[in-house]
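A short write-up of the structure that comes next.
The values are calculated or read from the model by the stated rules, or taken from the named source; none is laboratory data. Because the structure is predicted, anything quoted here is derived from the model rather than measured. Because the Cβ atoms are built from the backbone with ideal geometry, glycine has one as well, and the counts that use them run over all protein chains shown. Ligands, DNA and RNA are stripped out before the accessible areas are found, and what is left, the full protein with its side chains, is counted by its heavy atoms. Shrake-Rupley method; radii C 1.70, N 1.55, O 1.52, S 1.80 Å.
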Amino acid sequence: MSQLLASMRGSQSRTDQILEKVVAPALGSILVVTAWPAVIWFIFKERRNEKHEAKRRIDAVFRVRPEDLFGQTTIAEVEASSFVKDPLNAVPDLPFGHLNAAWTDFMSKRPADAVLWSFACDWTSEWGTKFSRKGYVWVLEGALSPWMLTQDDAIKDDHDQ
């Protein structure tokens, strides 16, 4: 085996030996010395992009904003306007019909002394889909929470048609 390796080494020309022992390590060293700033830059760029992506995801979560408030209302007005009367009795005769449990849950989350407001807004999801949203929100000292959606319709763009 050692004779085979010795014969292989001996068959290399002087140029091949210089390339293998001098030029290749020199080029590798030059590449490492000159490329490390680019590697550091890519690492920082990736971390910055991750932070921007995390902020974009937080911003993409739906929240009712003060400019979305449509008008102050009362529980009695909402229940009267959303009462479902189905002559076939397929839907319970309750406010919001089948969604009455959601309304009841929303009512149970009412902060003490909060005022009921209706809201309407257009909202863009994380994937770029636009929605027309309407609903109700409890307002207490500027805090807008919790809220209940009553309409969540996708809005078609002109290029979608």
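Tally time: how many residues in region 72-121 are farther than 17 Å from LEU144 by Cβ and among the charged types (D, E, K, R)?
Count: 6.
Mind checking which pairs have a first residue in region 20-36 that is touching a residue at least 24 places away in the same chain (Cβ under 8 Å) and a second that is open to solvent by 90 Å² or more (accessible area, probe 1.4 Å), Cβ under 7 Å, 6 or more apart or different chains?
Short answer, once both residue conditions are applied: none.
Just need a number here: residues in region 108-133 that are surrounded by fewer than 17 Cβ atoms within 10 Å (Cβ to Cβ) and either among the β-branched types (Val, Ile, Thr) or over 30 Å from GLU53 (Cβ atoms) (or both).
Here the count works out to 9.
Here are some residues: TRP103, TRP138. Which one is assigned to a strand (DSSP E or B) and surrounded by 18 or more Cβ atoms within 10 Å (Cβ to Cβ)?
Being assigned to a strand (DSSP E or B) and surrounded by 18 or more Cβ atoms within 10 Å (Cβ to Cβ) holds for just one of TRP103, TRP138, which is TRP138.
Name the pairs: first residue in region 122-143 and under 18 Å from THR74 (Cα atoms), second residue in a loop (DSSP other than H, G, I, E, B), Cβ to Cβ under 6 Å, at least 6 apart or on different chains?
Qualifying pairs under 6 Å: VAL137/VAL64; TRP138/ARG110; TRP138/PRO111; TRP138/ALA114; LEU140/PRO111; LEU140/ALA114.
Please tell me if ASP68 is closer than 25 Å to TYR136 by Cα, of a type outside the set (A, V, I, L, M), surrounded by 10 or more Cβ atoms within 10 Å (Cβ to Cβ) and within 26 Å of the chain's Cα centre (by Cα).
Taking the combined requirement at face value, the residue satisfies it.
Here is a check on your reading of the model: is PRO92 in a loop (DSSP other than H, G, I, E, B) and in contact with a His (Cβ under 9 Å, 6 or more places away or on another chain)?
In short, yes.
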